[in-house]
1. Yes or no: the stretch 277-297 includes at least one residue that is modelled with pLDDT under 80, more than 26 Å from I147 (Cβ to Cβ) and surrounded by fewer than 14 Cβ atoms within 10 Å (Cβ to Cβ).
2. Given the condition at pLDDT 90 or above, outside any loop (DSSP other than H, G, I, E, B) and surrounded by fewer than 21 Cβ atoms within 10 Å (Cβ to Cβ), answer yes or no: does some residue in the stretch 211-218 qualify?
3. Quick one: which residue in A258, A267, A198, A168 is among the small types (G, A, S) and under 30 Å from Y496 (Cα atoms)?
4. The conditions are (1) surrounded by 24 or more Cβ atoms within 10 Å (Cβ to Cβ); (2) within 22 Å of the chain's Cα centre (by Cα), and M146 fails exactly one of them. Which is it?
5. Give me the residue from the stretch 326-354 that is buried (at least 20 other Cβ atoms within 10 Å of the Cβ) and hydrophobic (A, V, I, L, M, F, W, C) and, out of that set, nearest to L191 (Cα to Cα).
6. Kindly list, by first and then second residue, each pair from a residue in the stretch 118-147 that is closer than 24 Å to V190 by Cα and of a type in the set (V, I, T) to a residue that is at pLDDT below 90 and part of a helix (DSSP H, G or I), limited to pairs with Cβ atoms under 6 Å and residues at least 6 apart or on different chains.
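The values are calculated or read from the model by the stated rules, or taken from the named source; none is laboratory data. Please read these numbers as outputs of a predicted model, since none were measured by experiment. Cβ atoms come from the backbone with ideal geometry, glycine included; neighbour counts cover every protein chain shown.
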Amino acid sequence: MGNGEKKQKNWFTRFLSWIEKWGNKLPDPVTLFVILSGIILIASALGAVIGLSAVNPATGDKIAVVNLLSGDGIRKILTEFVGVFATFPPLGFVLVIMFGIGLAESTGLLTSLMKVTIMRSPKVLIVPTIVFIGMMGNVAGDAAFMIIPPIAAMIFYSVGRHPLAGLALGYASVAGGFTANLLINTTDVVLVGFTQEAASLIDSTYVANPAMNYYFITASFFLLIPVAIFVNNKIVEPHLGKYTGITDEPDKLDDVTAEDKRGLIAAGFSLLLFIVVLLLAVLPENAILRNQETGAIIEGSPFMASLVPLTMLLFLIPSIVYGIVSRQFKSDKDLVLHFSKAMSGMGTFIVFAFVASQMIAYFNWSNLGQVLAIKSASFLTAIGFEGLPLIVSLVLVVALINFMISSNAGKWALLAPVFIPMFMILNIDPALTQVAYRIGDSITNPITPMMAYFVITLTFAKRYEPKIEIGRFMSVLLPYSISFGVAWIVFLVIWYLIGIPVGPGYDVFLN
């Protein structure tokens, strides 16, 4: 450990400690939404008293702030209390899709798939395979954070490379590449609900869809793979040097059993069969999932409207087959038990959705969101700050907020009602605004101590360097955040200037 590391600890660790200290003082996201609900109620009363209002530039209608602490406001809050929660879009989306993804995690299908894919890779393909599986692993939700980094560290150790580099590569791929994927996953489903709610403040006819960012996140997947490989090979591993740590090998990486292998093969065939059936339901001219009037596959089609249940089935069917063939399901009771296990972890999200739904409803009913968006958009237009600079600024603002609030859904629930309407007034499609948010949320994920899995991954690192401190760990992860950020922002700028749709049926601009 040379002087360079000592200097690094002096300034970097102090900075991170400051962030961690003050970030820890923030209340839990659930508590934060309760506090914000109270603030919105008070602000609605004050705004109504002073006559706060704005004119919608799209319709010319005057929008005034509504007092929710009045008699009418209180009656509305109480009578619609249950309905607001029950019809909250993210709630239904997430619970449905988790039947599939949760079962895939509960049965061990995703774990076995990750192990087989990485462990069977030739040495020259180890790094790209870890990056590929890390970013794709996000479909497994939190499971990817727990599985991929330690597996990557063990593999690096077993081939004579620095295990800390493998750990960082796995963690950065999962956390930093959070937005990049080839499949529509839980994140797409969660965010679109908040986007839909926020967009309806300006245009009640606007329809958001889980696939609204699909083109961009797919392209981002192929963008970040070479970036991550370059950072590992040219920056991180040379910086760490040769590993001279512990001589006793940590726990060996368990291989999949013969039953697991048979389960994976059977699950693969069932997935292929499902895809064939799905294609037959979409591609033929008179297919049942096409728009029955226009024949369109994308615009107004049952296929696009059914992405949530289809995604559930994409995971559910192979998971059931895997469970049966690997002999985890000996009867229907075992299947039900796994379903229960898969959904048992949703309690926290349900509590979060409950308070978030009320807060967003208050924000909508009070008209504070519309008035704030219109006035903010007018101000930005007056000073000439709009378009591309505004989009890039949103990325950077979200990246900074991520140091204080790590919850992906929590941040978007706070920011969507403000930025979506504001950008819509400036003719920017909510799909692009959501893309900018997702980039900002992803690039600082590897280095924010506010993310619970940062601490867990640091614990994994101590198996190879028992005395490792946060400064050294962060020095290994920081190059990924910087490189991902620069590459992604440049990519977003090019995408914006060319005007490529960010998803099927979703352009950069509204008009």
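1. Our first condition is that a residue be modelled with pLDDT under 80; within the stretch 277-297, this holds for 296-297.
Among the residues that remain, those that are also more than 26 Å from I147 (Cβ to Cβ) are: 296-297.
This time we only want the ones that are surrounded by fewer than 14 Cβ atoms within 10 Å (Cβ to Cβ), so: none.
Checked against the condition, which is being modelled with pLDDT under 80, more than 26 Å from I147 (Cβ to Cβ) and surrounded by fewer than 14 Cβ atoms within 10 Å (Cβ to Cβ), the stretch 277-297 yields no hits at all.
2. Yes, because at least one residue in the stretch 211-218 is at pLDDT 90 or above, outside any loop (DSSP other than H, G, I, E, B) and surrounded by fewer than 21 Cβ atoms within 10 Å (Cβ to Cβ).
3. Values: A258 fails: under 30 Å from Y496 (Cα atoms); A267 fails: under 30 Å from Y496 (Cα atoms); A168 fails: under 30 Å from Y496 (Cα atoms).
From the options A258, A267, A198, A168, the qualifying one is A198.
4. (1)
5. A353
6. Going by the 6 Å Cβ cut-off, the qualifying pairs are I133/M114; I133/T117; I133/I118; I147/T111; I147/M114.
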